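Below is one structure, written out as structure tokens; comments come after it.
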Amino acid sequence: PLLAKPGNYGRFSLSPDGQQLALEVTQESGTDIWVYDWRRDTMTRLTFTGTAEDPLWSPDGRYIVFRDVGGGISAIRSDGAGKPQPLTQTKKLQFPWSFQWPWSLAPDGKRLAFMEAPSGGTFDLWTVPLEPDGTGLRAGKPEVFLQTPADERSPSFSPDGRWLAYFSYETGR
């Protein structure tokens, strides 16, 4: 077992070097992103909003991208320095809400694929260019990858970054 202390842990993401886990920890104050160093059995809290979920490591291990419930997608340095930086924003913040879910980073770390459910409906697929700006990550303009009446989910970059695999309910199955 990796985590000796009982807790409400979820959505694990292994660091590129295999030495740490980014994970959600849910407490009375909400859900936040932490990093667990399994060799030292230590936890470092990265967010303090109670609305941070679904951590995803950058390929270089320097950043963790996550979903900010009700606000879009943000990134934070994985070493705990600095504050979360917004990358994308949702269009609607009231019910029925829209939310974005980070899913895959290109192997070079320059593009993020994510799902968005506008107004709580079916998911569409988007990508957004990313680049480091000295203090963190900066996002360009999000671009629609696939937007249909069907539900499309789980966009994943191929190892060479040329392809994007996903699944769709276009056929109803």
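The values are calculated or read from the model by the stated rules, or taken from the named source; none is laboratory data. What you are looking at is a predicted structure, and each value in this text was computed from that prediction instead of being measured. Every residue, glycine as well, gets a Cβ built from its backbone with ideal geometry; the counts of neighbours run over all protein chains shown. Ligands, DNA and RNA are stripped out before the accessible areas are found, and what is left, the full protein with its side chains, is counted by its heavy atoms. Shrake-Rupley method; radii C 1.70, N 1.55, O 1.52, S 1.80 Å.
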Can you name every residue in segment 59-71 that is open to solvent by less than 10 Å² (accessible area, probe 1.4 Å) and either assigned to a loop (DSSP other than H, G, I, E, B) or under 15 Å from ALA113 (Cβ atoms) (or both)? VAL65, PHE66
Testing THR135 on (1) touching a residue at least 40 places away in the same chain (Cβ under 8 Å); (2) in a strand (DSSP E or B), one condition comes back false. Which one is that? (2)
Out of all the residues in segment 151-159, is one or more crowded, with 18+ Cβ neighbours inside 10 Å and of a type outside the set (Asp, Glu)? yes
Restricting attention to segment 1-34, which residues are part of a strand (DSSP E or B) and of a type in the set (D, E, K, R)? ARG11, GLU24, ASP32
I'd like the residue in segment 138-153 that is outside any loop (DSSP other than H, G, I, E, B) and more than 15 Å from the chain's Cα centre (by Cα) and, out of all such residues, is nearest to ILE76 (Cα to Cα). GLU143
Quick one: which residue in THR51, THR42 is under 28 Å from THR122 (Cα atoms), of a type in the set (Ser, Thr, Tyr) and without any contact (Cβ under 8 Å) to a residue 24 or more places away in the chain? THR51
Hey, could you check segment 39-58 for residues that are basic (Lys, Arg) and modelled with pLDDT under 95 and say which is most open to solvent (accessible area, probe 1.4 Å)? ARG40
Looking at SER104, is it in contact with a strand residue (DSSP E or B) (Cβ under 6 Å, 6 or more places away or on another chain), open to solvent by 20 Å² or more (accessible area, probe 1.4 Å) and among the hydroxyl-bearing types (Ser, Thr, Tyr)? no
Flagged in segment 28-66 as within 18 Å of LYS5 (Cα to Cα) and out of contact with any Gly (no Cβ under 8 Å at 6 or more places or on another chain), in numbering order, are GLU28, ILE33, TRP34, TYR36, ASP37, TRP38, ARG39, ARG40, ASP41, THR42, MET43
